[in-house]
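Just so it is clear, none of the values below were taken in a lab; they were calculated from the coordinates. In this text, all values refer to a predicted model and were calculated from it rather than measured experimentally. FYI the Cβ positions are ideal-geometry reconstructions off the backbone, even for glycines, and counts take in every protein chain you see.
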Amino acid sequence: MALSSRTAPRAPRPVVELEVISVERLSPELVRVRLGGAGFAQFEDRDETDKYVKLKFTDPDGHPVTRTYTLRHVDRQAQTLDIDFVVHGDDGLAGPWAASVQPGARIGFMGPGGGYRPNPDAAWHLFIGDLSAVPAISAALDALPADAVGTALIEVESDEAILRLAGPEGVEVHWIVDPSHEPGRLAAAVRELAWRDGHVDVFAHGERESMKALRGALFDDRGLDRGQVSISGYWARGRTEDRFQAEKREPIGQIFPAA
C-alpha cells in the first residue's frame with residue numbers, strides 16, 4: 001500500500017562528487033576551494049544566494065560526518081563552484097581539510113538547499129553577520145541591481161580578516177573588529193545605525209547567541225516583521241558542529257523562544 005504524503009519518507013538527496021580544481025587563501029582565516037570536474041553535470045543549482053551543501057567527511061575514528069557550507073559562487077559556464085572555509089588552525093574537520101587539500105582530491109556533498117534571495121521590491125537592504133556569513137552576504141551583494149542601496153555589518157576578530165567585497169556602490173560595508181566575541185556587538189551596531197526610510201530586507205546569519213541578541217534589536221527596537229528578516233544561527237561558540245546541529249531541536253538552539 002502506498003504511503004500518504006504525510007507519512008512517506010523523504011527521498012534521499014543524491015551525492016554529487018566533485019574534484020578540487022584550486023585552493024586560494026583569501027585571508028589568514030578564510031580559504032577558498034574551487035570544485036569542478038565531470039560530476040558537475042549532476043549538480044542542480046538554485047536561485048537563492050544563501051544556498052548551502054552538506055559536505056561528506058570521515059572523522060579520525062573512521063565515521064562518516066557531514067559539515068554544512070554556503071556556496072560562494074557557481075560558474076555554470078566553467079562548471080565550477082567555490083566554497084569558502086573559515087580556518088582556525090587544526091580545530092575542526094572541514095577547515096583543516098580546506099587548508100591542506102591539493103588539486104585533484106575529490107569530495108562528495110548533498111544539496112544545495114537555500115531559502116533567501118534579496119527582495120527586489122525592498123527600498124534598502126541590511127546584511128548582518130560574522131565571517132561565517134561572508135560567503136552568503138557576498139553572493140547576495142553580487143545579486144543586487146547596480147542601483148541598490150543598503151548596509152552590511154560584518155563582525156570579525158581582527159583587521160587581517162577584513163576583505164574587499166564587491167557590490168553596488170550604494171551598499172556600505174562596515175567591518176566591526178571585536179576580538180572579545182561580545183554576543184551583543186552586532187545588535188549594538190544595529191541600534192546605532194542611521195535607519196533609512198522605506199521597507200528594509202534583512203539577512204542576519206552567524207553565531208547563534210549573536211543572532212539571539214539581534215532578535216531584540218530588529219523586532220523589538222526596529223519593529224520589523226518576520227517576513228522581512230532572514231535570521232538564523234550558522235554555528236555556536238564552544239560547540240562542535242554535531243552538538244550545534246543537535247541543539248537546533250532544543251530550546252537553547254532556537255533563535256525565537258517557543259510560543
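Summing Lys and Arg as +1 and Asp and Glu as -1 over all other residues whose Cβ lies under 9 Å from the Cβ of Ser138 gives a net charge of -1. Here His88, His125, His73, His63 are placed in order of increasing Cβ neighbour count within 10 Å, fewest first, which gives His63, His88, His73, His125. Taking a sphere under 12 Å around the Cβ of Val15 and counting the other residues whose Cβ falls inside, with K and R at +1 and D and E at -1, yields a net charge of +3.
Relative to its residue count, segment 15-113 spans a Cα convex hull of 96 Å³ per residue. Pairs of C-alpha atoms in the chain farther apart than 27 Å represent 40 percent of all such pairs. Counting neighbouring Cβ atoms within 10 Å and putting the fewest first, the residues Asp142, Asp50, Asp75 line up as Asp75, Asp142, Asp50. Going from the fewest other Cβ atoms within 10 Å to the most, the residues Leu131, Leu81, Leu163 appear in the order Leu163, Leu131, Leu81.
What the Kirkwood sum gives for segment 91-185 is a hydrodynamic radius of 15.6 Å, with every pair of different alpha carbons counted. The calculated FRET efficiency for Asp75 paired with Glu17, based on their beta-carbon distance and R0 = 25 Å, is about 0.85. Computed over the chain, relative contact order equals 16 percent, with contacts defined as Cα pairs under 8 Å that lie 6+ residues apart. If the segment from Val101 to Arg164 were pulled out straight at 0.36 nm per residue, it would be longer than the present Cα-Cα gap by 20.2 nm. Taking a sphere under 14 Å around the Cβ of Ala217 and counting the other residues whose Cβ falls inside, with K and R at +1 and D and E at -1, yields a net charge of -1.
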